[in-house]
1. Round to a whole angstrom and tell me the spacing of the C-alpha centers of the stretch 50-118 and the stretch 9-36.
2. Step through the residues of the stretch 213-226 one at a time and calculate ³J(HN,Hα) from phi using the Karplus curve (6.51 cos²θ - 1.76 cosθ + 1.60, θ = phi - 60°), rounding each to whole Hz and writing x for Gly and Pro.
3. I need to check one value: relative contact order of the stretch 97-229, counting alpha carbon pairs closer than 8 Å and at least 6 residues apart, in percent.
4. Round to the nearest 10 and give me the degree value, 0 to 90, for the angle of helix 2-11's Cα axis relative to the longest principal axis of the chain.
5. Quick one: the Cα spread of the chain along its three principal axes, in angstroms, biggest first?
6. Using Cα pairs under 8 angstrom and six or more residues apart, how large is the relative contact order of the stretch 221-276, in percent?
7. Roughly how tilted is helix 84-96, in degrees to the nearest 10 and between 0 and 90, from the longest Cα axis of the chain?
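Every number here is computed from the coordinates shown, using simple stated rules; none is lab data. This structure is a prediction, so every number in the text was calculated from the model and none was measured.
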Amino acid sequence: VGLSCALALADAGFDVEVWDPAPPLATASGVAAGMLAPAFEAVLDPVATPHFDLLLAARNLWPAFAERAGVQLDRAGALAAGSAEWIAALRSRFVALGLHPGELSPTVAAGLAPGLSNATEAALFTREDWRVDAGAAIAALRRSADDAGVQFVPQAADASAGGLLVIATGASTSLADVAPELAALSPIKGQILRVPGGEIGPFTVRGDGVYLAPGPGRLLVGATMEPGVSDTEVDEAKTRPLHAAAARLFPHLSEMVAEPAAGVRGATPDGLPLVGASRGGEALLAVGARRNGWLLAPLIGGMVAAMAAGREPGASASPLAPDRFSRAG
Ligand SMILES: Cc1cc2nc3c(=O)[nH]c(=O)nc-3n(C[C@H](O)[C@H](O)[C@H](O)COP(=O)(O)OP(=O)(O)OC[C@H]3O[C@@H](n4cnc5c(N)ncnc54)[C@H](O)[C@@H]3O)c2cc1C
């Protein structure tokens, strides 16, 4: 999110420095699956359901953003597979959002997702959900920001640096003395498995309680949701059920080695990020993107650049206003 803000600000003519003590991949963004998934997130995560239109609008910014940032965008789509009952429930939730996913027979689904269990009873497919490879996307964003003149300072930021401070510190509340709105954030730890050589074809696959996201040379299997937990230790007791759920969908994965990784998502009470000026106007906030930081990054970056330049930030400014949890009445 910080890199997308930096690039948008540089493109708007600002001199930009990114202050960050962490290596680029040692972040929530670095371990994430990189799904840009307005449809399945709205269907599977009740917190996201009311925000479907906003998530879809954010996704629609991705083609131009990916081109500008040199990020490879995978628009293949995603499918869900499982019991007939579960798929029927998902289908009605799609329809309630105005979406009409393709219904796939188990045979057709197995053609799209090689290795899919023959216990699969039903499946559906949507083209609404896209993907990026998180590691490659971070590298591309850093390169593009660098080319646009952004300077990188490998240190923690504080308020003394001068200029306009954009706080894009993920789940961290370390700058709450500058922006008290950060107190609305709580951590949600997420653990994910990397399966080197894991092959399931080109599509992201959603199962009941698990997702599988293919990538170059490896498969990602995610992810735990551990509210209130902010460490990044990996814990096999939590990742074993993910591996088991993945192997129920794709039996060949049961024997494959799975390497765990963990990140911490920052979340607000309504599941949307905080984007906009802090109470005293000392900083612009760009934090708390919960499960959808990759999806929302171009939207947040564009809003931050518009706000910094005194331009109209668009229709998402009000639902994302940082003071929405502290307003009287
Ligand atoms: C397992 C897992 C899977 C996920 N899958 C997806 C997915 O498929 N799609 C999706 O859209 N989202 C996904 N997410 C969510 C997504 O990763 C986050 O929403 C997103 O990474 C948030 O980005 P961010 O830049 O706000 O935070 P981060 O990536 O955490 O970056 C915050 C940065 O701020 C720095 N920082 C902190 N304090 C300071 C300070 N005082 N000074 C300077 N720098 C500081 C940190 O070092 C870090 O580099 C997933 C998350 C997890 C954990």
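1. 26
2. Running phi through 6.51 cos²θ - 1.76 cosθ + 1.60 with θ = phi - 60° gives 10, x, x, x, x, 7, 10, 9, 10, x, 9, 6, 10, 10 Hz.
3. Reported as a whole number, the value is 21 percent.
4. The answer is roughly 60 degrees.
5. Cα spread of the chain along its principal axes, largest to smallest: 60, 39, 36 Å.
6. 36
7. 40
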